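Notes to accompany the following structure.
Coordinate-derived values only; no laboratory data. If you're wondering where the values come from, they're calculated on a predicted model, not measured in any experiment. Because the Cβ atoms are built from the backbone with ideal geometry, glycine has one as well, and the counts that use them run over all protein chains shown.
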Amino acid sequence: MKKAYLILANGDVYEGSSIGKSGQTVGEVVFTTGMGSYMETLTDPSYYGQIITQTFPLIGNYGTIEKDAESRKPYCKGYIVRELCRTGSNFRKEGELNEWLIKQNIVGIEGIDTRRLTKTIREYGVMNGMITDSLKNTEEKLKEIRSFVIKDAPKNTTSPEVVKVGDGGLKVVLIDYGAKYNIARELAARGCTVYVMPCTASAEEILALKPDGIMLSNGGGDPADATYEIEQIKKLAEAKIPTFGICLGHQLMALASGAKTAKLKYGHRGANQPVKDLETGRVYITSQNHGYAVKGNTLPQTAKVRFTNANDKTCEGVDYTDRPCFTVQFHPEAHGGPLDTEFLFDRFIKMIEESKNA
């Protein structure tokens, strides 16, 4: 097996073996605690510009299943695992993960101490890194690593054209900032015709469709950098159309409403994040993938924090009292689970129906 190395911005070097495409890649190194659903993880556009570390030690044990993909292609910059299984076993299996990584041009590394790497990120915070097949010119490599910045994530992951999903009686526009496929599927299953629109669409173009509801999708990057998208949301908010935001959509709505966001030390990524509903006191287990959070104390008086993370108390959801709108930081559409918060789609549908009947 060919040697490969992970170099972190702090100078740490991990030696392992190459998986996927051989070569070199630079990105922001993050970790996810999910025990499965690696196909959904690899194809989640929210990982744009990032090198994904799986904390679960064995990955690839059920091969690859294209129907489980959450986007057209993977947008991550690299992949790190403790051990890659090369003989997956599952009745739905279509191929092996390593061959899929090669096909998708994903540079990866296995055989490193992912526990140590995760503890380093938890202690010092998310940092850039490089997967490479050579330690030559390490100082030059470190300069490249430290200068890497994730830019224009929504524009680089959005749908290139309008896509129609479903054929129901309610018309919903899903603004695609890097949307996972399952958001549109969940809406279609509840009687919606979903128009997936590029994030480059103007508020005027969206309103011209006369939607019954607007969905703001997940996505990657620093939400504060998405200035065009925020301006469009400000205009859409004035129309007071029922709106539901997820992940990046949640952050963008908060920014459009005058609140602020901040980068988390190492983010929330995985399928086991506990979230508390402040209205009912109930705690849900949720799927999450984000490195930024809304600062709840900066929200306007016309908005209130509805959900918080039970671990670090960060804002996980907002209800807007001056218009039919609510947003959440976690993923109620979690493909692969958990499904605890799927009911939020029903809440959105009820909001649309009440607005239509008003």
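Springs join every pair of Cα atoms under 10 Å in this Gaussian network model of the chain, and among GLY60, GLY49, GLY258 the largest mean-square fluctuation is at GLY258. Picking from LEU278, ALA303, VAL318, whose Cα lies most toward the positive end of the charge dipole for region 153-357 (charges on Cβ: Lys, Arg +1; Asp, Glu -1)? It is LEU278. GNM on the chain, alpha-carbon springs under 10 angstrom: the most fluctuating residue among LYS136, LYS235, LYS313 is LYS136.
Here the chain carries DSSP beta bridges of which approximately 60% are antiparallel, counting only pairs with both residues inside.
Once C-alpha pairs closer than 8 Å and six or more residues apart are averaged by separation and normalised to the residue number of region 48-177, the relative contact order reads 23 percent. Annotation: the antiparallel percentage among DSSP beta bridges lying fully within region 153-357 is about 60.
Using 0.36 nm times the number of residues separating GLU279 and LEU209, minus their current alpha carbon distance, what extension gain do you get? Don't skip to the answer; put the middle values down first.
Numbers: separation 70, 0.36 × 70 = 25.20 nm, distance 3.45 nm.
Working it through step by step, the gained length comes to 21.8 nm.
Net charge around GLY221, counting only other residues with Cβ within less than 12 Å of its Cβ (Lys, Arg = +1; Asp, Glu = -1)? Cβ neighbours under 12 Å give a net charge of -2.
Report the gain in length on full extension from THR321 to ASP225: 0.36 nm times residue separation, minus Cα-Cα distance, nm rounded to one decimal. Provide the component values of the computation, followed by the final result.
On the way: separation 96, 0.36 × 96 = 34.56 nm, distance 2.63 nm.
Separation in residues times 0.36 nm, less the Cα-Cα distance, equals 31.9 nm.
Percent antiparallel among DSSP beta bridges with both residues in region 107-206, to the nearest 5? Close to 30 percent. Between ASN357 and THR302, the contour length at 0.36 nm per residue exceeds the alpha carbon distance by 17.4 nm. Overall, the anisotropy analysis places region 74-116 in the oblate class: the square-rooted eigenvalues a ≥ b ≥ c of its C-alpha gyration tensor yield a/c not less than 1.5, with a/b not exceeding b/c.
Note on SER202, SER18: ascending count of other Cβ atoms within 10 Å places them as SER202, SER18, the fewest first.
For region 319-325, 3J(HN,Hα) computed residue by residue from phi via the Karplus equation (6.51, -1.76, 1.60; θ = phi - 60°) reads 9, 9, 8, 9, 6, x, 8 Hz, glycine and proline entered as x. Prolate is the label for region 3-147, because a/c, from the alpha-carbon gyration tensor with a ≥ b ≥ c as root eigenvalues, is 1.5 or above and a/b exceeds b/c.
Classification of region 264-358 by its C-alpha gyration tensor yields an oblate form. The axis ratio a/c (a ≥ b ≥ c) is 1.5 or more, and b/c is at least a/b.
Both radii come from the Cα set of region 42-109: Rg as radius of gyration, Rh as Kirkwood radius; their ratio Rg/Rh reads 0.93. With K and R counted +1 and D and E -1, the other residues having a Cβ less than 12 Å from that of TYR38 yield a net charge of -4. Computed on the chain, with alpha-carbon pairs under 8 angstrom and 6+ residues apart, the relative contact order is 15 percent. Across region 243-260, rounded Karplus estimates of 3J(HN,Hα) from the backbone phi angles (6.51 cos²θ - 1.76 cosθ + 1.60, θ = phi - 60°) give 9, 10, x, 10, 6, 4, x, 5, 5, 5, 5, 4, 5, 5, 8, x, 7, 10 Hz, Gly and Pro being marked x. Between LYS73 and TYR124, the simple label model (points 7 Å from Cα in the Cβ direction) yields a spacing of 3.3 nm.
Springs join every pair of Cα atoms under 10 Å in this Gaussian network model of the chain, and among ALA310, ALA189, ALA237 the largest mean-square fluctuation is at ALA189.
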